[in-house]
Amino acid sequence: MKLASLTANRDGALIIVNSDLSRMVSAQDIAPTLQAALDDWANIEPRLLARYQALESGELSGEKFEQRDCSSPLPRAYQWADGSAYVNHVELVRKARNAEMPASFWTIPLMYQGGSDTFLAPFDPILMPQSKGFGIDFEAEIAVIVDDVPMAVDPEQALTYVRLVMLVNDVSLRALIPGELAKGFGFFQSKPSSAFSPVCVTPDQLGDVWCEGKLSLPLLSHYNGELFGRPDAGIDMTFNFGELIAHAAKTRALVAGTIIGSGTVSNKLNDGPGKPITEGGVGYSCIAELRMIETIQQGEPKTAFMDFGDSIKIEMFDRQKQSIFGQIEQQVTQLVD
């Protein structure tokens, strides 16, 4: 089943989308918003599924689906916790700021609690008051939305609470991160609003590419119209989503609608850092990794971070080359008073 939220009010209007993202039908009479559906998932999900099947079979003709009419599936959420499941990425970006990586990072997930009060729509601009000195970067990731999760759940059981899967662009301001982390209180200004894919899907919709808490398909990032990265999200994922959810729920219960992110999807190459697309590698899901590779190879980074006018498109296709979640497509734009 595929769900989305049309832009309406603060929390969107819930719709059901068919598998090829061409048609939609309202779900307003079943649940007005995605959050309302998640709050009573056991009762609401069968009704949503029945309507989805009617749309798929042609019993319901529906209306044309336009991705640009969507907000993020949850325009705001009770909680957004982003992990760093791809430890190769963590290692590279820490090297970029001359920070040692503790050995525990390979055994205990790293996670931060991001702002969840304002998510960007998937085609919204990334508004910034300035570009120089901020180090604007995109981060292509996978995210899941969970049901109510009990405290101290084990990783295997945690996976049973995953209700929906989607993509995310976790915008990062790299130049602000070191100063914030040095104060010992974590990210705030360096992590502005994130954007999620227009469509979120139930795990069963993904078939066998969703296995043991991992989504095993390439995640594509096109930067300024050129393919920048296509790492496989199922490879080099040190911690699966069950482990990430269990980590988040170690000392607190999670409420329905909590979003858990994978962190930047990143692949190694022969136990070393990956290569750019232009050199036969799978590329990267953020600019920071490429800059680190350039520093290793050339002594300094050559690729600049994002500036006004730069664009990023993030998307994932199934084995039949059909877009699963739709696309996140954003341009960095100057904030005007």
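Determine the shape class of the stretch 69-210: with a ≥ b ≥ c the square roots of the Cα gyration tensor eigenvalues, call it rounded for a/c under 1.5, and otherwise prolate if a/b is greater than b/c, oblate otherwise. It comes out oblate by the Cα gyration axes.
Let me make sure I get this right: for the stretch 220-279, a, b and c are the square roots of the gyration tensor eigenvalues over alpha carbons, sorted descending. Under 1.5 in a/c it's rounded, otherwise prolate if a/b > b/c, else oblate. Which is it? Please report the intermediate quantities before stating the final value.
On the way: a/c = 4.52, a/b = 1.96, b/c = 2.30.
In terms of gyration-tensor shape, oblate.
The count of lysine pairs in the chain that are at least 8 places apart or cross chains, and whose C-alpha atoms lie under 21 Å apart, stands at 21. The charge dipole of the chain, taken about its Cα centre with unit charges on the Cβ of Lys, Arg, Asp and Glu (plus for the first two, minus for the last two), comes to roughly 500 debye.
If the segment from residue 28 to residue 335 were pulled out straight at 0.36 nm per residue, it would be longer than the present Cα-Cα gap by 107.1 nm. Computed extension gain for residue 297 through residue 54, at 0.36 nm per residue and net of the alpha carbon distance, reaches 82.0 nm. When the chain is treated as a GNM with alpha-carbon contacts under 10 Å, the residue of 292, 316, 151 showing the greatest mean-square fluctuation is 151. With both labels modelled 7 Å from their Cα along Cα-to-Cβ, the residue 183 to residue 104 distance reads 2.3 nm.
Under the criterion of Cα pairs below 8 Å and six or more residues apart, the relative contact order for the chain equals 23 percent.
Prolate is the label for the stretch 13-117, because a/c, from the alpha-carbon gyration tensor with a ≥ b ≥ c as root eigenvalues, is 1.5 or above and a/b exceeds b/c.
Residue by residue, the stretch 55-65 carries 3J(HN,Hα) couplings of 5, 5, 7, x, 4, 10, 7, x, 10, 5, 9 Hz when phi is fed to the Karplus relation 6.51 cos²θ - 1.76 cosθ + 1.60 (θ = phi - 60°); x denotes Gly or Pro. Scoring 318-326, 160-168 by mean Cβ neighbours within 10 Å over their residues and listing the highest first yields 160-168, 318-326. Share of carbon and sulfur in the accessible area of the chain stands at 49%, probe radius 1.4 Å. Each of 275, 2, 313 has its accessible area taken with a 1.4 Å probe; listed largest first, they run 275, 313, 2. Between residue 78 and residue 66, the simple label model (points 7 Å from Cα in the Cβ direction) yields a spacing of 3.4 nm.
For the stretch 82-187, what is the charge dipole size about the Cα centre, in debye to the nearest 20, if Lys and Arg each add +1 at the Cβ and Asp and Glu each add -1 at the Cβ? Don't skip to the end; give the middle numbers.
Numbers: 7 positive and 14 negative charges, 112 e Å.
Roughly 540 debye for the stretch 82-187.
For residue 283, the residues whose modelled amide H falls within less than 5 Å of its own, excluding neighbours fewer than 5 places apart on the same chain, are 230, 275, 277. Among 260, 227, 299, pick out the residue whose Cα is farthest towards the positive end of the charge dipole of the stretch 194-337, where Lys and Arg carry +1 and Asp and Glu carry -1 on C-beta, about the Cα centre. After comparing all options, I get 260.
The fraction of Cα-Cα pairs per 10 angstrom bin, counted from 0 for the chain, comes to 6, 27, 36, 23, 8, 1, 0 percent, rounded to whole percents. The residues of the chain expose, per residue, 44 Å² of accessible area to a 1.4 Å probe.
Projecting label points 7 angstrom from Cα along Cα→Cβ for residue 118 and residue 211 puts them 4.3 nm apart.
The values are calculated or read from the model by the stated rules, or taken from the named source; none is laboratory data. Not measured: the values here are computed from a predicted model. Quick reminder, even Gly has a Cβ in these numbers, built from the backbone with ideal geometry, and neighbours come from all protein chains shown. Accessible surface is based on the protein model in full, side chains and every heavy atom, while ligands, DNA and RNA are left aside. Shrake-Rupley method; radii C 1.70, N 1.55, O 1.52, S 1.80 Å.
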